[in-house]
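Visitor: Have a look at this one before I ask anything.
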Amino acid sequence: MRGPVVVVGDTLLDRDVEGVVNRLCPDSPVPVLDETAHVDRPGGAGLAAVFAAAQGAEVVLVTALADDAGGARLGVLLAAAGVQVYPLRLAGSTPEKIRLRAGGRVLLRHDRGGGAQTPGEPAEAVLRVIERASVVLVSDYGRGVARQPALRAALAATRAPVVWDPHPRGPAAVPGVHLVTPNETEVQELVEAPAAATRLATAADGAERLRQRWRAGAVAVTLGADGALLSHAGSTPLVVPTPMAAEGDTCGAGDRFAVAAGLALGRGALLSEAVQEAVTEASAYVADGGVATALPPPVRRAPQAVHTAVGGDRVGVA
(Lines give C-alpha, C1' and ligand atoms only; values in the text may rest on other atoms or scores of the structure.)
Protein backbone atom coordinates (compact mmCIF):
# COMPACT_ATOMS: atom_id res chain seq x y z
CA MET A 1 0.00 0.00 0.00
CA ARG A 2 1.27 3.47 -0.88
CA GLY A 3 0.00 5.18 2.28
CA PRO A 4 -1.50 4.39 5.65
CA VAL A 5 -4.85 2.83 6.38
CA VAL A 6 -6.86 5.69 7.86
CA VAL A 7 -9.78 4.89 10.17
CA VAL A 8 -12.16 7.77 10.89
CA GLY A 9 -14.89 7.54 13.50
CA ASP A 10 -16.09 7.34 17.07
CA THR A 11 -14.00 5.45 19.62
CA LEU A 12 -15.40 4.01 22.84
CA LEU A 13 -13.79 2.32 25.81
CA ASP A 14 -15.16 -1.22 26.11
CA ARG A 15 -14.80 -3.20 29.34
CA ASP A 16 -15.77 -6.84 29.84
CA VAL A 17 -16.25 -7.68 33.51
CA GLU A 18 -16.08 -11.45 34.05
CA GLY A 19 -17.36 -13.13 37.19
CA VAL A 20 -19.44 -15.85 38.78
CA VAL A 21 -22.99 -15.77 40.11
CA ASN A 22 -23.76 -17.91 43.15
CA ARG A 23 -26.50 -15.97 44.92
CA LEU A 24 -29.21 -13.32 44.65
CA CYS A 25 -29.02 -9.90 46.19
CA PRO A 26 -30.84 -9.92 49.57
CA ASP A 27 -32.69 -6.64 49.01
CA SER A 28 -33.90 -7.30 45.44
CA PRO A 29 -34.22 -10.40 43.21
CA VAL A 30 -31.16 -9.75 41.04
CA PRO A 31 -28.00 -11.86 40.66
CA VAL A 32 -24.82 -10.86 42.46
CA LEU A 33 -21.77 -10.99 40.20
CA ASP A 34 -18.51 -11.74 42.00
CA GLU A 35 -15.91 -10.23 39.68
CA THR A 36 -12.86 -12.33 38.83
CA ALA A 37 -11.28 -10.24 36.07
CA HIS A 38 -11.91 -7.38 33.69
CA VAL A 39 -10.52 -6.60 30.26
CA ASP A 40 -10.40 -3.13 28.67
CA ARG A 41 -10.21 -2.66 24.91
CA PRO A 42 -10.83 0.04 22.31
CA GLY A 43 -14.34 -0.11 20.89
CA GLY A 44 -16.01 1.39 17.84
CA ALA A 45 -13.54 2.91 15.39
CA GLY A 46 -10.76 2.08 17.83
CA LEU A 47 -11.50 -1.63 17.53
CA ALA A 48 -11.51 -1.38 13.73
CA ALA A 49 -8.11 0.34 13.87
CA VAL A 50 -6.71 -2.40 16.11
CA PHE A 51 -7.97 -5.07 13.71
CA ALA A 52 -6.23 -3.33 10.80
CA ALA A 53 -2.98 -2.91 12.72
CA ALA A 54 -3.04 -6.61 13.64
CA GLN A 55 -2.83 -7.37 9.90
CA GLY A 56 0.49 -5.53 9.70
CA ALA A 57 -0.84 -2.34 8.16
CA GLU A 58 0.32 1.16 9.06
CA VAL A 59 -2.83 2.50 10.72
CA VAL A 60 -3.87 6.05 11.59
CA LEU A 61 -6.99 6.60 13.69
CA VAL A 62 -8.77 9.95 13.44
CA THR A 63 -11.13 10.11 16.39
CA ALA A 64 -12.42 12.34 19.20
CA LEU A 65 -10.94 11.74 22.66
CA ALA A 66 -11.90 13.43 25.90
CA ASP A 67 -9.35 14.69 28.41
CA ASP A 68 -10.30 12.19 31.10
CA ALA A 69 -9.27 8.81 32.49
CA GLY A 70 -11.15 6.94 29.78
CA GLY A 71 -9.45 8.90 27.00
CA ALA A 72 -6.05 8.30 28.60
CA ARG A 73 -6.75 4.58 28.87
CA LEU A 74 -7.73 4.44 25.21
CA GLY A 75 -4.51 6.22 24.26
CA VAL A 76 -2.46 3.57 26.07
CA LEU A 77 -4.39 0.67 24.53
CA LEU A 78 -4.21 2.05 21.01
CA ALA A 79 -0.49 2.78 21.26
CA ALA A 80 0.12 -0.77 22.51
CA ALA A 81 -1.69 -2.09 19.45
CA GLY A 82 0.48 -0.05 17.07
CA VAL A 83 -2.20 2.50 16.11
CA GLN A 84 -1.22 6.13 15.51
CA VAL A 85 -3.90 8.41 16.94
CA TYR A 86 -4.70 11.81 15.43
CA PRO A 87 -7.14 13.11 18.05
CA LEU A 88 -9.91 15.66 17.79
CA ARG A 89 -10.95 17.49 20.94
CA LEU A 90 -14.00 16.02 22.69
CA ALA A 91 -15.59 18.41 25.21
CA GLY A 92 -17.65 15.73 26.96
CA SER A 93 -16.54 12.53 28.61
CA THR A 94 -15.26 9.36 26.97
CA PRO A 95 -18.12 7.01 26.10
CA GLU A 96 -17.84 3.63 27.80
CA LYS A 97 -19.63 0.31 27.38
CA ILE A 98 -19.35 -2.11 30.28
CA ARG A 99 -20.55 -5.69 29.87
CA LEU A 100 -21.12 -7.79 32.99
CA ARG A 101 -20.58 -11.43 32.06
CA ALA A 102 -20.87 -14.81 33.75
CA GLY A 103 -20.61 -18.29 32.27
CA GLY A 104 -19.97 -16.92 28.80
CA ARG A 105 -23.18 -14.85 28.80
CA VAL A 106 -23.81 -11.13 29.13
CA LEU A 107 -25.97 -10.37 32.17
CA LEU A 108 -26.13 -6.62 31.70
CA ARG A 109 -24.60 -3.86 29.61
CA HIS A 110 -24.03 -0.52 31.28
CA ASP A 111 -23.31 2.52 29.07
CA ARG A 112 -21.94 5.82 30.30
CA GLY A 113 -20.47 8.96 28.81
CA GLY A 114 -23.64 10.70 27.67
CA GLY A 115 -24.92 11.33 24.18
CA ALA A 116 -23.24 12.45 20.97
CA GLN A 117 -20.85 15.39 21.17
CA THR A 118 -19.56 17.74 18.49
CA PRO A 119 -15.81 17.14 18.08
CA GLY A 120 -13.28 19.89 17.61
CA GLU A 121 -11.77 20.98 14.30
CA PRO A 122 -9.16 18.65 12.76
CA ALA A 123 -5.58 19.83 12.55
CA GLU A 124 -3.97 20.27 9.16
CA ALA A 125 -2.03 17.04 9.74
CA VAL A 126 -5.33 15.14 9.91
CA LEU A 127 -6.45 16.45 6.53
CA ARG A 128 -3.05 15.62 5.01
CA VAL A 129 -3.07 12.04 6.27
CA ILE A 130 -6.51 11.45 4.75
CA GLU A 131 -5.23 12.87 1.46
CA ARG A 132 -2.33 10.40 1.30
CA ALA A 133 -4.20 7.33 2.58
CA SER A 134 -4.16 4.05 0.68
CA VAL A 135 -7.68 3.32 1.94
CA VAL A 136 -10.06 5.07 4.35
CA LEU A 137 -12.55 3.32 6.63
CA VAL A 138 -15.26 5.45 8.21
CA SER A 139 -16.43 3.59 11.31
CA ASP A 140 -19.50 5.58 12.35
CA TYR A 141 -21.00 4.89 15.76
CA GLY A 142 -23.39 7.83 15.63
CA ARG A 143 -21.50 10.02 18.10
CA GLY A 144 -20.48 12.92 15.85
CA VAL A 145 -17.09 12.36 14.23
CA ALA A 146 -18.57 11.45 10.83
CA ARG A 147 -20.56 14.70 10.85
CA GLN A 148 -17.51 16.98 11.25
CA PRO A 149 -17.62 19.28 8.16
CA ALA A 150 -13.87 19.56 7.53
CA LEU A 151 -13.46 15.79 7.82
CA ARG A 152 -16.34 15.21 5.41
CA ALA A 153 -14.77 17.56 2.88
CA ALA A 154 -11.47 15.69 3.14
CA LEU A 155 -13.22 12.33 2.76
CA ALA A 156 -15.06 13.54 -0.34
CA ALA A 157 -11.81 14.79 -1.88
CA THR A 158 -9.52 11.81 -1.22
CA ARG A 159 -8.56 9.57 -4.13
CA ALA A 160 -8.27 6.54 -1.88
CA PRO A 161 -11.06 3.94 -1.75
CA VAL A 162 -13.48 4.81 1.05
CA VAL A 163 -15.42 2.14 2.96
CA TRP A 164 -18.27 3.52 5.08
CA ASP A 165 -19.57 1.44 7.98
CA PRO A 166 -22.76 3.36 8.87
CA HIS A 167 -24.89 3.86 11.94
CA PRO A 168 -28.64 4.63 11.85
CA ARG A 169 -28.07 7.72 14.03
CA GLY A 170 -25.16 8.89 11.91
CA PRO A 171 -25.04 11.04 8.76
CA ALA A 172 -25.21 9.90 5.16
CA ALA A 173 -21.94 8.84 3.59
CA VAL A 174 -20.19 11.45 1.48
CA PRO A 175 -21.05 10.95 -2.21
CA GLY A 176 -18.82 8.61 -4.18
CA VAL A 177 -17.67 6.20 -1.47
CA HIS A 178 -16.62 2.83 -2.85
CA LEU A 179 -18.46 0.57 -0.42
CA VAL A 180 -21.06 0.93 2.35
CA THR A 181 -21.30 -1.97 4.82
CA PRO A 182 -24.54 -1.94 6.89
CA ASN A 183 -26.04 -5.02 8.48
CA GLU A 184 -29.57 -5.93 7.47
CA THR A 185 -31.19 -4.14 10.40
CA GLU A 186 -29.21 -0.98 9.74
CA VAL A 187 -30.05 -0.87 6.05
CA GLN A 188 -33.77 -1.13 6.79
CA GLU A 189 -33.54 1.71 9.31
CA LEU A 190 -31.51 3.86 6.93
CA VAL A 191 -33.89 3.57 3.97
CA GLU A 192 -37.17 2.96 5.86
CA ALA A 193 -38.32 0.53 3.18
CA PRO A 194 -41.04 -2.10 3.72
CA ALA A 195 -40.05 -5.74 3.99
CA ALA A 196 -40.10 -7.71 0.74
CA ALA A 197 -41.29 -11.29 0.20
CA THR A 198 -38.03 -12.89 1.35
CA ARG A 199 -35.06 -11.96 3.49
CA LEU A 200 -32.70 -11.72 0.50
CA ALA A 201 -35.20 -9.65 -1.47
CA THR A 202 -35.52 -7.27 1.48
CA ALA A 203 -31.74 -6.94 1.73
CA ALA A 204 -31.36 -6.45 -2.02
CA ASP A 205 -34.07 -3.78 -2.16
CA GLY A 206 -32.62 -1.93 0.83
CA ALA A 207 -29.09 -2.11 -0.53
CA GLU A 208 -30.08 -0.70 -3.92
CA ARG A 209 -32.14 2.09 -2.34
CA LEU A 210 -29.24 3.04 -0.10
CA ARG A 211 -26.70 2.86 -2.93
CA GLN A 212 -28.71 5.27 -5.05
CA ARG A 213 -29.65 7.58 -2.18
CA TRP A 214 -26.04 7.95 -1.03
CA ARG A 215 -24.57 7.80 -4.57
CA ALA A 216 -22.22 5.04 -3.44
CA GLY A 217 -20.35 2.64 -5.68
CA ALA A 218 -21.69 -0.41 -3.87
CA VAL A 219 -23.48 -1.56 -0.73
CA ALA A 220 -22.67 -4.86 1.00
CA VAL A 221 -25.35 -5.90 3.48
CA THR A 222 -24.00 -8.31 6.09
CA LEU A 223 -26.35 -11.19 6.89
CA GLY A 224 -24.71 -12.79 9.90
CA ALA A 225 -24.25 -16.53 9.48
CA ASP A 226 -25.60 -16.27 5.92
CA GLY A 227 -22.75 -14.13 4.63
CA ALA A 228 -23.39 -10.89 2.71
CA LEU A 229 -25.27 -9.47 -0.25
CA LEU A 230 -23.43 -7.10 -2.58
CA SER A 231 -25.37 -4.57 -4.65
CA HIS A 232 -23.53 -2.50 -7.24
CA ALA A 233 -24.36 -0.68 -10.45
CA GLY A 234 -25.24 -2.55 -13.61
CA SER A 235 -25.58 -6.05 -12.22
CA THR A 236 -27.79 -8.34 -10.21
CA PRO A 237 -26.89 -8.56 -6.51
CA LEU A 238 -24.18 -11.03 -5.56
CA VAL A 239 -24.80 -13.28 -2.57
CA VAL A 240 -21.58 -14.31 -0.82
CA PRO A 241 -22.18 -17.23 1.57
CA THR A 242 -20.04 -17.97 4.61
CA PRO A 243 -17.40 -20.67 4.02
CA MET A 244 -18.00 -22.23 7.43
CA ALA A 245 -20.60 -22.52 10.15
CA ALA A 246 -19.68 -19.97 12.81
CA GLU A 247 -21.43 -19.63 16.14
CA GLY A 248 -20.25 -17.50 19.02
CA ASP A 249 -19.75 -13.91 20.15
CA THR A 250 -20.40 -11.62 17.18
CA CYS A 251 -19.23 -8.44 18.94
CA GLY A 252 -16.90 -6.71 16.48
CA ALA A 253 -17.77 -8.94 13.51
CA GLY A 254 -19.09 -5.99 11.50
CA ASP A 255 -15.90 -4.06 12.18
CA ARG A 256 -13.83 -7.06 11.13
CA PHE A 257 -15.86 -7.31 7.90
CA ALA A 258 -15.40 -3.62 7.04
CA VAL A 259 -11.67 -3.70 7.82
CA ALA A 260 -11.09 -6.80 5.69
CA ALA A 261 -12.99 -5.29 2.77
CA GLY A 262 -11.08 -2.02 3.08
CA LEU A 263 -7.67 -3.69 3.20
CA ALA A 264 -8.53 -5.75 0.13
CA LEU A 265 -9.65 -2.65 -1.79
CA GLY A 266 -6.46 -0.88 -0.72
CA ARG A 267 -4.48 -3.72 -2.32
CA GLY A 268 -6.41 -3.27 -5.57
CA ALA A 269 -8.97 -6.08 -5.24
CA LEU A 270 -12.28 -5.97 -7.10
CA LEU A 271 -15.38 -5.21 -5.04
CA SER A 272 -16.59 -8.79 -5.34
CA GLU A 273 -13.19 -10.10 -4.24
CA ALA A 274 -13.10 -7.68 -1.31
CA VAL A 275 -16.54 -8.75 -0.07
CA GLN A 276 -15.69 -12.45 -0.42
CA GLU A 277 -12.52 -11.90 1.61
CA ALA A 278 -14.46 -9.90 4.20
CA VAL A 279 -17.06 -12.65 4.65
CA THR A 280 -14.30 -15.24 5.12
CA GLU A 281 -12.45 -13.06 7.65
CA ALA A 282 -15.56 -12.21 9.66
CA SER A 283 -16.70 -15.85 9.74
CA ALA A 284 -13.31 -17.06 10.94
CA TYR A 285 -13.26 -14.30 13.57
CA VAL A 286 -16.56 -15.47 15.08
CA ALA A 287 -15.60 -19.16 14.83
CA ASP A 288 -12.30 -18.49 16.62
CA GLY A 289 -13.98 -16.87 19.62
CA GLY A 290 -14.58 -13.28 18.57
CA VAL A 291 -13.10 -10.27 20.27
CA ALA A 292 -11.97 -12.23 23.35
CA THR A 293 -9.29 -14.03 21.33
CA ALA A 294 -8.72 -11.76 18.33
CA LEU A 295 -6.89 -8.84 19.91
CA PRO A 296 -3.13 -8.67 20.40
CA PRO A 297 -1.96 -9.66 23.92
CA PRO A 298 -1.13 -6.09 25.11
CA VAL A 299 -4.77 -5.09 24.51
CA ARG A 300 -6.57 -8.10 25.93
CA ARG A 301 -4.38 -8.74 28.98
CA ALA A 302 -6.64 -8.83 32.06
CA PRO A 303 -5.74 -6.77 35.12
CA GLN A 304 -5.36 -8.34 38.54
CA ALA A 305 -8.64 -9.87 39.64
CA VAL A 306 -10.86 -7.91 41.98
CA HIS A 307 -14.26 -8.66 43.45
CA THR A 308 -17.49 -6.72 43.24
CA ALA A 309 -21.21 -7.28 42.79
CA VAL A 310 -24.00 -5.98 40.64
CA GLY A 311 -24.79 -2.75 42.48
CA GLY A 312 -21.13 -2.05 43.31
CA ASP A 313 -19.72 1.44 42.89
CA ARG A 314 -16.76 0.45 40.66
CA VAL A 315 -18.87 -0.60 37.69
CA GLY A 316 -21.45 2.09 38.32
CA VAL A 317 -24.56 -0.08 38.14
CA ALA A 318 -27.43 1.06 40.33
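The values are calculated or read from the model by the stated rules, or taken from the named source; none is laboratory data. The structure presented is a predicted model; accordingly, all values stated were derived computationally and were not measured. Every residue, glycine as well, gets a Cβ built from its backbone with ideal geometry; the counts of neighbours run over all protein chains shown.
Visitor: Considering every residue within the stretch 167-189, establish whether at least one is assigned to a helix (DSSP H, G or I), touching a helix residue (DSSP H, G or I) at 6+ places or on another chain (Cβ under 8 Å), farther than 30 Å from R128 by Cβ and touching a residue at least 24 places away in the same chain (Cβ under 8 Å).
Guide: Yes, the stretch 167-189 has at least one match.
Visitor: Return yes when A156 is touching a Gly at 6+ places or on another chain (Cβ under 6 Å) and surrounded by fewer than 19 Cβ atoms within 10 Å (Cβ to Cβ) and no when it is not.
Guide: no
Visitor: Please work out if V136 is closer than 22 Å to E121 by Cα, at pLDDT 95 or above and either β-branched (V, I, T) or in contact with a strand residue (DSSP E or B) (Cβ under 8 Å, 6 or more places away or on another chain) (or both).
Guide: Yes; evaluated as a whole, the condition is true for this residue.
Visitor: Next question. Kindly provide the set of residues from the stretch 226-244 that are in contact (Cβ under 8 Å) with a residue 40 or more places away in the chain, under 19 Å from G289 (Cα atoms) and not polar (S, T, N, Q), ordered by number.
Guide: G227, P243, M244 - these are the residues of the stretch 226-244 that are in contact (Cβ under 8 Å) with a residue 40 or more places away in the chain, under 19 Å from G289 (Cα atoms) and not polar (S, T, N, Q).
Visitor: Filter the strands (runs of 3 or more DSSP E) completely within the stretch 33-138 down to those with at least 3 residues that are of a type in the set (V, I, T).
Guide: Of the strands (runs of 3 or more DSSP E) lying wholly inside the stretch 33-138, those with at least 3 residues that are of a type in the set (V, I, T) span 59-66.
Visitor: Give the residue that is nearest to Y141 (Cα to Cα), with candidates limited to residues of the stretch 1-51 that are among the small types (G, A, S) and over 16 Å from the mean Cα position of the chain (by Cα).
Guide: Among those that are among the small types (G, A, S) and over 16 Å from the mean Cα position of the chain (by Cα), it is G3.
Visitor: Also, I was wondering about something else. Find the residue count for the stretch 205-239, including only residues that are among the small types (G, A, S), in contact with a strand residue (DSSP E or B) (Cβ under 6 Å, 6 or more places away or on another chain) and assigned to a helix (DSSP H, G or I).
Guide: So the answer is 1.
Visitor: Restricting the search to the stretch 139-166, which residues are among the β-branched types (V, I, T) and either touching a residue at least 60 places away in the same chain (Cβ under 8 Å) or assigned to a loop (DSSP other than H, G, I, E, B) (or both)?
Guide: Answer for the stretch 139-166, where residues must be among the β-branched types (V, I, T) and either touching a residue at least 60 places away in the same chain (Cβ under 8 Å) or assigned to a loop (DSSP other than H, G, I, E, B) (or both): V145, T158, V163.
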